[in-house]
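A short write-up of the structure that comes next.
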Number of protein chains: 2
Amino acid sequence: MTHLSTELSDKLRAIFGDRFSTSPALREQHGRGESYHTAAMPDGVVFAEHTDEVAQTVRLCAAEGVPVIAFGAGTSLEGHLTAICGGISIDLSRMSLIVRVGAEDLDCTVEAGVTREQLNTHLRDKGLFFPIDPGANASIGGMAATRASGTNAVRYGTMRENVLSLTVVLPSGQVVRTGGRARKSSAGYDLTRLFIGSEGTLGIITEVTLRLYGIPETITAALCSFASVEQAVDTAIAVVQLGIPVARMELMDRGLIAAVNAYSNLTLKIEDTLAFEFHGSPAAVQEQVDMVAAIVDEHGGRDFEWANAAEDRNRLWKARHNAFYAVVSQRQNAKGWSSDVCVPVSELSDCILKTRALLQGCSVPAAILGHVGDGNYHVVFAVDPDNRAELDEVAAINKAMVLHALSVGGTSTGEHGIGTGKIDYLRREHGDAVDLMAVIKAAIDPMNIMNPGKILPE
Amino acid sequence: MTHLSTELSDKLRAIFGDRFSTSPALREQHGRGESYHTAAMPDGVVFAEHTDEVAQTVRLCAAEGVPVIAFGAGTSLEGHLTAICGGISIDLSRMSLIVRVGAEDLDCTVEAGVTREQLNTHLRDKGLFFPIDPGANASIGGMAATRASGTNAVRYGTMRENVLSLTVVLPSGQVVRTGGRARKSSAGYDLTRLFIGSEGTLGIITEVTLRLYGIPETITAALCSFASVEQAVDTAIAVVQLGIPVARMELMDRGLIAAVNAYSNLTLKIEDTLAFEFHGSPAAVQEQVDMVAAIVDEHGGRDFEWANAAEDRNRLWKARHNAFYAVVSQRQNAKGWSSDVCVPVSELSDCILKTRALLQGCSVPAAILGHVGDGNYHVVFAVDPDNRAELDEVAAINKAMVLHALSVGGTSTGEHGIGTGKIDYLRREHGDAVDLMAVIKAAIDPMNIMNPGKILPE
Ligand SMILES: Cc1cc2nc3c(=O)[nH]c(=O)nc-3n(C[C@H](O)[C@H](O)[C@H](O)COP(=O)(O)OP(=O)(O)OC[C@H]3O[C@@H](n4cnc5c(N)ncnc54)[C@H](O)[C@@H]3O)c2cc1C
Ligand SMILES: Cc1cc2nc3c(=O)[nH]c(=O)nc-3n(C[C@H](O)[C@H](O)[C@H](O)COP(=O)(O)OP(=O)(O)OC[C@H]3O[C@@H](n4cnc5c(N)ncnc54)[C@H](O)[C@@H]3O)c2cc1C
């Protein structure tokens with residue numbers, strides 16, 4: 001049963017036909033992400049195919065004060081998609097047109113439902129790529145909405161740095177463009193950045209103009225193992241502090257390596273490991289490799305293992321991208337809980353050691369991994385979502401980890417977002433600035449119909 | 001005479017003593033930037049020394065609905081500082097404390113009045129630098145407020161990319177911090193980016209946390225001349241499209257070179273010129289130089305002239321930084337009018353040629369220069385601010401240049417900002433998104449006391 005008014009249902013049906021559904025299975029699927037959070041079903045799902053259709057839906061919902069929740073690829077990890085106040089989920093996955101690629105300007109415009117893999121497949125022949133890589137095959141709209149980053153951010157930045165402009169449907173149904181195609185602009189408020197990271201609470205993104213990059217002439221990856229997680233992290237810190245422009249620098253603790261071996265059928269040495277990728281001209285890559293090798297050596301790292309061939313690299317990164325599922329699959333019927341903090345890099349080693357101590361005696365499988373070049377790391381837990389005691393245990397570890405990150409100038413979430421999962425930490429992190437966020441939310445979405453209950457605490 | 005109430009005057013005097021002034025000379029100086037715009041005097045000037053003093057002043061002004069205008073270094077070019085509705089200018093130049101340098105994290109926190117030269121002098125011994133360089137010795141707060149960039153932006157980004165967080169006094173007098181020290185965060189709305197580029201219309205920035213960079217091992221500069229501006233620009237475009245990470249790539253047309261020679265006592269060849277700077281390890285710089293030299297060659301460039309010694313480089317960039325004054329000084333009692341657009345780089349050549357055509361027969365001295373790696377260029381005019389016909393002539397050229405930039409997806413201002421000078425173009429550029437900016441402004445500053453009359457058209 002949905003709580004939609006017959007009137008609204010009828011209107012949506014008239015516009016969308018079969019592309020409007022109230023089937024419980026579809027609603028359930030749209031009321032959750034990839035994490036342990038209990039689903040909260042929307043009252044209906046609309047599959048939009050154009051900006052206009054999104055605008056029409058928003059207008060109809062606004063007229064009745066019904067919530068709207070944008071749905072990209074559903075890979076969210078912090079309960080962003082739970083329809084805690086009901087409403088209509090607007091699924092954007094059919095808005096998958098690559099509108100334009102400007103090879104000369106290294107930019108492109110895509111509809112919000114385009115996924116990063118789809119985009120990169122399309123770009124490959126042109127010698128271009130889009131670097132932001134959250135592992136999951138997320139939608140570009142969803143990535144903008146969560147201010148996503150991932151493995152390449154240490155070199156290329158996050159969605160914040162790589163979006164030139166957006167087309168957005170506002171809560172009124174009005175459609176605006178937040179900018180043009182210039183690399184930089186000082187013309188007015190930065191609306192682009194306001195919507196990036198707003199998690200669907202201020203408007204629905206329907207098109208995104210992105211920066212692109214030439215595929216580097218040389219790409220090389222390497223794995224390197226350490227006797228302790230501390231050595232691995234200190235190596236990463238030294239690389240950052242020397243400004244070596246590594247393209248990827250990922251920490252996987254020994255627990256994670258064991259899980260990854262099992263899940264992806266690999267035989268990596270079960271040790272605390274850093275995975276690197278280097279991009280550039282042959283000479284530039286060689287120079288980076290030499291510098292990193294020297295640092296690794298100094299920190300007692302060993303067994304540089306190379307993955308120069310594209311297929312070896314792909315295998316490595318695929319295994320890394322599946323780390324979440326590797327941990328979760330260590331246990332029958334488990335769900336993943338991925339905590340995510342980001343700290344100043346000088347604090348990283350200490351934070352990770354403290355997190356490690358917190359994990360001593362944790363009753364569920366857990367592993368540490370991280371985009372350590374940014375000071376960003378995660379703990380993935382495999383939890384039974386029906387076991388209250390277990391959830392409380394993990395919540396306590398999560399809380400200690402977040403509070404420590406905040407105490408050293410870090411953030412409660414480097415890339416996954418607030419959703420519902422981190423909502424209790426927002427004020428701890430931002431203090432009175434949260435009131436300013438609420439003022440902005442109330443001004444742009446006075447009826448609170450855009451993904452209500454997310455980001456901002458009551 | 002000022003229009004301040006005796007009550008407000010008395011209160012400000014009680015707090016600030018001599019640091020509150022209503023002297024006409026000081027007010028005049030605070031009611032203008034560096035450009036031709038007619039000054040509009042504030043009613044008084046406060047020299048604040050702490051965030052608290054800024055907050056107190058704002059609270060007092062808010063209580064009477066009196067405007068407040070932040071004043072950094074006064075180098076604005078678009079009439080940002082004109083007190084068109086009167087009010088109090090809050091001069092932040094005495095807030096010049098470098099609060100903290102985190103060499104390990106490549107970041108620092110400074111008070112808003114710290115200038116970029118002061119900061120870089122302070123950082124030099126630590127082997128660090130802050131790259132954003134608008135030529136003028138602007139304040140860090142002012143640079144954040146105008147979303148400034150300059151010569152290094154092609155490599156290091158603009159203020160948008162290089163500010164980690166801000167301390168801001170809101171129109172209510174409340175003080176908020178917009179973020180922490182993590183490199184990235186997905187925790188809530190991007191308030192940092194909202195204040196960057198807001199030109200003092202949403203709040204007054206009192207502290208800024210910045211990203212820093214290690215001083216490159218090798219720095220090399222070079223000048224290269226071309227038979228036509230088209231060749232020079234096409235060279236620049238090719239360098240960008242190949243992704244060569246030049247640190248600076250500046251266009252100076254032959255008219256500018258002549259002016260610069262005269263003003264800075266140099267003997268540069270009077271031709272359309274590109275000035276480059278390369279940063280990196282010796283090998284990386286050599287590689288960049290070789291690639292650029294090949295491109296220059298292909299485009300008929302000649303006479304690569306090197307400036308490897310620090311003093312030669314400094315002389316070169318100082319001359320470039322003085323380009324504005326060089327043009328202005330071509331004429332007695334003239335003022336500068338610097339137009340500023342930014343376009344997708346593939347359009348740059350065409351735009352500059354069209355601009356050149358517009359300048360044919362222009363009755364005042366004018367020269368083209370630009371941060372062409374970003375697609376950003378300026379025309380500097382030396383105008384007589386009392387000559388209406390002349391101002392109309394330049395306004396018409398400016399308008400044609402801006403409208404053309406907008407028509408190819410560019411922006412009406414790449415870095416100088418809107419102020420009052422570009423206010424008529426904001427809606428042309430952003431359409432209905434301007435209404436959204438107005439909603440945000442009204443929500444945050446409902447009494448419209450923060451630098452009223454700037455950015456947003458009536
Ligand atoms: C295995 C795995 C690994 C991951 N690794 C990373 C990582 O390394 N880095 C990282 O940043 N994230 C990571 N994530 C999290 C997730 O992939 C990102 O948050 C991603 O950006 C979500 O995109 P999506 O399209 O799936 O959005 P969804 O999950 O569909 O939605 C996420 C949020 O964005 C909103 N939204 C979606 N589309 C739009 C739109 N068009 N307009 C407005 N709002 C919209 C939704 O309402 C919701 O609030 C990972 C997830 C998984 C499952
Ligand atoms: C010769 C010359 C060359 C220039 N070249 C460049 C260039 O290459 N690139 C570029 O980007 N700009 C350039 N500019 C423009 C100017 O230097 C920049 O706009 C600079 O950022 C202004 O900083 P300021 O401290 O002088 O600010 P001001 O001129 O004092 O103020 C500018 C605006 O910012 C507001 N403001 C100042 N401080 C604060 C604060 N703390 N909080 C809130 N609002 C504040 C003011 O109210 C005003 O609206 C140039 C200017 C000159 C004169």
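What accessible area, in Å² to the nearest ten, does a 1.4 Å probe give for A:D384?
Around 50 Å² of this residue is reachable by solvent.
Under a point-charge model restricted to the Cβ atoms of Lys and Arg (+1) and Asp and Glu (-1), what is the dipole moment magnitude of the protein assembly as shown relative to its Cα centre, in debye to the nearest 20?
Values: 78 positive and 110 negative charges, 141 e Å.
That gives a dipole near 680 debye.
May I ask you to find the residues of region B:85-123 that are shielded by at least 50 Å² of accessible area once the whole protein assembly is considered instead of their isolated chain (probe 1.4 Å)?
Residues of region B:85-123 that lose at least 50 Å² of accessible area once the other chains are added: B:E104, B:D105.
Whole-Hz ³J(HN,Hα) for each residue in region B:267-284, computed from phi via Karplus 6.51 cos²θ - 1.76 cosθ + 1.60 with θ = phi - 60°, x for glycine and proline: what do you get?
10, 5, 5, 7, 9, 5, 10, 10, 10, 10, 9, 10, 10, x, 5, x, 5, 5
Does region B:218-313 come out rounded, prolate or oblate, given a ≥ b ≥ c as the square roots of the eigenvalues of its C-alpha gyration tensor, rounded meaning a/c under 1.5 and, failing that, prolate meaning a/b above b/c?
Numbers: a/c = 2.21, a/b = 1.25, b/c = 1.77.
Oblate shape, in that a/c is at least 1.5 and b/c is the bigger or equal ratio.
How much accessible area per residue does region B:99-213 have, in Å², with a 1.4 Å probe? Please report the intermediate quantities before stating the final value.
Values: 2700 Å² over 115 residues.
Here the per-residue accessible area is 23 Å².
What size of dipole, in debye to the nearest 20, comes out for chain A about its Cα centre when the only charges are +1 on Lys and Arg C-beta atoms and -1 on Asp and Glu C-beta atoms? Intermediate results must be reported in sequence, preceding the final value.
Values: 39 positive and 55 negative charges, 121 e Å.
That gives a dipole near 580 debye.
Averaged over its residues, how many other protein chain Cβ atoms are within 10 Å of peptide A:405-414's Cβ atoms?
Mean partner shielding for this stretch: 5.
Suppose we compare each residue of region A:416-444 in its chain alone and in the full protein complex with a 1.4 Å probe; which ones drop by at least 50 Å² of accessible area?
Buried-area filter returns A:H430, A:L436, A:M437, A:I440.
By how many degrees, between 0 and 90 and to the nearest 10, does the Cα long axis of helix A:51-64 differ from the longest principal axis of chain A?
Its long axis makes an angle of about 60 degrees.
Using alpha carbons only, how many degrees (0 to 90, rounded to 10) separate the axis of helix A:254-264 from the longest principal axis of chain A?
Compared with the principal axis, the helix lies near 70 degrees.
Could you tell me what percent of the accessible area of chain A is made up of carbon and sulfur, with a 1.4 Å probe and every protein chain present?
Numbers: 7760 of 15700 Å².
Heavy-atom surface of chain A belonging to carbon and sulfur, 1.4 Å probe: 49 percent.
How well do other chains shield peptide A:242-254, expressed as the mean number of their Cβ atoms within 10 Å of each residue Cβ?
Details: counts 1, 8, 1, 3, 0, 0, 0, 0, 0, 0, 0, 0, 0.
Per residue, the average neighbour count from other chains is 1.
What is the local net charge at A:R193, summed over the other residues whose Cβ is closer than 11 Å to its Cβ (Lys, Arg +1; Asp, Glu -1)? The partial results should precede the final answer.
Working: positive: A:R147, A:R160, B:R147, B:R160, B:R193; negative: A:E161, A:D190, B:E161, B:D190.
Net local charge, A:R193 excluded: +1.
Can you list which of the trypsin sites (Lys or Arg not before Pro) found in region B:236-319 are DSSP loop residues with at most 16 other C-beta atoms within 10 Å? Write out the running numbers ahead of the final one.
Values: sites: B:R248, B:R254, B:K269, B:R302, B:R313, B:R315, B:K318; in loops: B:K269.
Counting only loop positions with at most 16 other Cβ atoms within 10 Å, the trypsin sites (Lys or Arg not before Pro) in region B:236-319 are B:K269.
Go through B:T57, B:T121 and list them by solvent-accessible area, largest first, probe radius 1.4 Å.
B:T121, B:T57
Take the alpha-carbon centre of region A:421-450, take the same for region A:215-243, and report the distance between them in whole Å.
First find each Cα centre; the distance between them is then 37 Å.
Run the numbers on region B:317-353: which residues show a drop of 20 Å² or more in accessible area, chain on its own versus all protein chains together, using a 1.4 Å probe over heavy atoms?
B:C342, B:P344, B:S346
Can you list the trypsin sites (Lys or Arg not before Pro) in region B:120-155 that are in a DSSP coil and have 13 or fewer other beta carbons within 10 angstrom? Don't skip to the answer; put the middle values down first.
On the way: sites: B:R124, B:K126, B:R147, B:R155; in loops: B:K126, B:R147.
Passing both the DSSP loop test and the Cβ count: B:K126.
Per residue, how much accessible area does region B:319-450 have with a 1.4 Å probe, in Å²?
Numbers: 4410 Å² over 132 residues.
I get 33 Å² per residue for this part.
What dipole magnitude, in Debye to the nearest 20, does region A:199-324 give about its Cα centre under +1 on Lys/Arg Cβ and -1 on Asp/Glu Cβ? Can you show the working numbers first?
Values: 9 positive and 18 negative charges, 77 e Å.
Roughly 360 debye for region A:199-324.
Can you give the percent of C-alpha pairs in the protein assembly as shown whose distance is more than 41 Å? Show your work: numbers first, answer last.
On the way: 153313 of 419070 pairs.
I get 37 percent for the Cα pairs in the protein assembly as shown exceeding 41 Å.
How big is the Kirkwood radius of region B:81-234, worked out from every pair of different alpha carbons and given in Å to one decimal? Walk me through the numbers before you get to the answer.
Working: mean 1/r = 0.0597 Å⁻¹.
With all distinct Cα pairs of region B:81-234 included, I get 16.8 Å.
Which GluC sites (Glu not before Pro) in region B:183-230 pass both tests, a DSSP loop state and at most 15 other beta-carbon atoms within 10 Å?
Numbers: sites: B:E199, B:E207, B:E217, B:E230; in loops: B:E199, B:E217.
Here the sparse-neighbourhood loop sites are B:E217.
Mind listing the long-range amide H neighbours of A:G188? Cut-off is under 5 Å, sequence gap 5 or more, other chains count too, H placed in the peptide plane at 1.01 Å from N.
B:I418
Charges on Cβ only, +1 for Lys and Arg, -1 for Asp and Glu, centred on the Cα centroid of region A:64-116; of A:L81, A:V99, A:T109, which one is farthest towards the dipole's positive end?
With unit charges placed on the Cβ atoms, the residue in question is A:L81.
Any idea of the total accessible area buried by the A-B contact, 1.4 Å probe, rounded to 100 Å²? Don't skip to the answer; put the middle values down first.
Numbers: alone 18620 and 18590 Å², together 31380 Å².
For chain A against chain B, roughly 5800 Å² becomes buried.
The values are calculated or read from the model by the stated rules, or taken from the named source; none is laboratory data. All values derive from a computational prediction rather than experimental measurement. Please note: Cβ atoms are built from the backbone with ideal geometry, for glycine as well, and neighbour counts cover all protein chains shown. To get the accessible areas, we keep the full protein, side chains included, count just its heavy atoms, and leave off ligands, DNA and RNA. Shrake-Rupley method; radii C 1.70, N 1.55, O 1.52, S 1.80 Å.
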